[in-house]
Amino acid sequence: MRFVENHNSTQCVCNIFFQPERGRFVRFHHVTFWVGNAKQAATFYCDKMGFEPLAYKGLETGSREVVSHVIKQDKILFAFESALNPGNEEIGEHLKKHGDGVKDIAFQVEDCDFLVQKAKERGATIVREPWVEEDGHGRVKIAVVQTYGDTTHTFIEYLVPYKGLFLPGYKEPLFKDPLLPKLPPGCLSFIDHIVGNQPDDNMVPVADWYQKCLLFHRFWSVDDKQIHTQYSALRSIVVTNYEETIKMPINEPAVGKKKSQIQEYVDYNGGAGVQHIALNTSNIIQTIVNLRARGMEFLSAPDSYYNTLREKLKTAKIKVKEDINKLQELKILVDFDDKGYLLQIFTKPMQDRPTLFLEVIQRNNHFVSLAAVQSPAIYKSQALARFRGASAHQGMNGRGTGLWVKALDFRFLCLSPPPGTLQTFIHKTFIKGHFSTRPHFAKSAARHPIHSPEVQPMTNCYGHFGV
Ligand SMILES: [Co+2]
């Protein structure tokens, strides 16, 4: 059986199983923030979150328009930029609308030209075509592509191994703060995921954009459900690159008891934007002890949360190694499935507007994409939970709900298998008859008004699978 990507579809959900013919997204390279005062913002992230100054460009280095302070913690790189002159409309307008926040998420790529060309062919807006920057330390190719809201993605390709501090044009930081080495270390090591909030009904088109233009695929994940259920409802699709080294959950508000936290973000941010950046650590307890000692503020969880957690863990298949009392004291949240667990905590907003915040996360064998495939029990319970929500909302009749479960199962499995297992999956579902492929199933699913990820793939998958 041969699978061919369907270029006619505007929602190429099934390119997930194809390794892109050329080019590669390697990892998150850095995140660029546009802020009113880059010097102070960078200092705040250093003092409170354990970063250290890495590189600088500004008036002293010949950068006359924009100043950039780059800070680093293990593999995490953040660049804070501000305008140096009156009348900088681009940065000015961005600040007026969004306040301080993320402007750009940069990826290290291979074959920048090809990736940009492909994105362009598939309808992406190219902010800046590939160009080469170089200095005495090496040469890099860079391009900029527009994504949701006013956010952009920079593609960075090392044409030769780059030996400089950060990128061409950057110099040593001007100042070494004597306070920083005296503070307890941050212990954060890499960017785990970056979440983009969208206005209502924009989640699916944005997720589709990543699949279509960047050849990302959907990654099934229950990450983040704690905070979201605690505050209000949301819908989320996680998109990721072929190797699953870059994870980008895309959220939109859902109707809940209270105003959705996503809606609040969208209101204060003036539209779509980066909601949070999750930073991975291998020791969250030490990290949070240290970051709290540095004066970082985190969201709190009530004691009742830990009482419920203790009860649930009694019957869980996994054992949380960390002391629950210690987690409770630090207000670290726990999420788990049959295979593993994750520990996470969220900062208060990093600026005055309730927009961007950070997450600290530690994973213990918790990667749901694979677990969902390997563990029918989890997959079934999650699918059923979603099924109940959908049918309650729709009041679908008996026949309809039956179809819906199947549509749901299909979607769930369709999006989850790691590369290489798809043929087995198709054989089991289509050929052995566990799943019906009659067109009206697809139609009834496609008519469903909830713009949820469950609904969309049905119609697309027909063309892709050729059944
Ligand atoms: Co998160």
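Derivation of every value follows stated rules applied to the coordinates shown; laboratory data play no part. All values derive from a computational prediction rather than experimental measurement. Because the Cβ atoms are built from the backbone with ideal geometry, glycine has one as well, and the counts that use them run over all protein chains shown.
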Problem set entry | Neighbour-count order for 287, 151, 125, fewest beta carbons within 10 angstrom listed first | 125, 151, 287
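Excluding residue 201 itself, what net charge comes from residues whose Cβ is under 12 Å from its Cβ, given Lys and Arg +1 and Asp and Glu -1?
Details: positive: 235; negative: 200, 252.
It works out to a net charge of -1.
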For this session: Within 10 Å, count the other beta carbons around each residue, average over each peptide in 86-96, 134-144, and list them highest first.
Result: 134-144, 86-96
Exercise. Tell me, what is the FRET efficiency for residue 179 and residue 22 to the nearest 0.05, using R0 = 45 angstrom and their Cβ-Cβ distance as r?
Worked result: 0.40
For this session: Filter the cross-link list 247/314; 39/259; 48/75; 48/326; 57/163 down to pairs whose alpha-carbon distance in this structure exceeds 28 Å.
Result: 247/314; 39/259
Problem set entry | Given charges at Cβ of Lys, Arg, Asp, Glu: the stretch 13-182 dipole, positive-most of 30, 131, 181 | 181
For this session: Choose one of 76, 106, 56: the residue whose Cα lies farthest towards the positive end of the charge dipole of the stretch 13-182 (beta-carbon charges +1 Lys, Arg; -1 Asp, Glu; about the Cα centre).
Result: 76
For this session: Can you pull the one-decimal nm distance between simple spin-label points at residue 292 and residue 125, each 7 Å off the Cα toward Cβ?
Result: 4.4
For this session: Report, for the stretch 190-366, the % of DSSP beta bridges that are antiparallel, rounded to 5.
Result: 80
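I need the calculated FRET efficiency for the pair residue 75 and residue 364, taking r as the beta carbon distance and R₀ as 22 Å, to the nearest 0.05.
Values: r = 20 Å, r/R0 = 0.90.
Efficiency, rounded to the nearest 0.05: 0.65.
Give me the net charge of residue 295's neighbourhood, meaning all other residues with Cβ under 10 Å from the Cβ of residue 295; Lys, Arg count +1, Asp, Glu -1. Don't skip to the end; give the middle numbers.
Details: positive: 48, 292, 294; negative: 47, 297.
So the surrounding residues net to +1.
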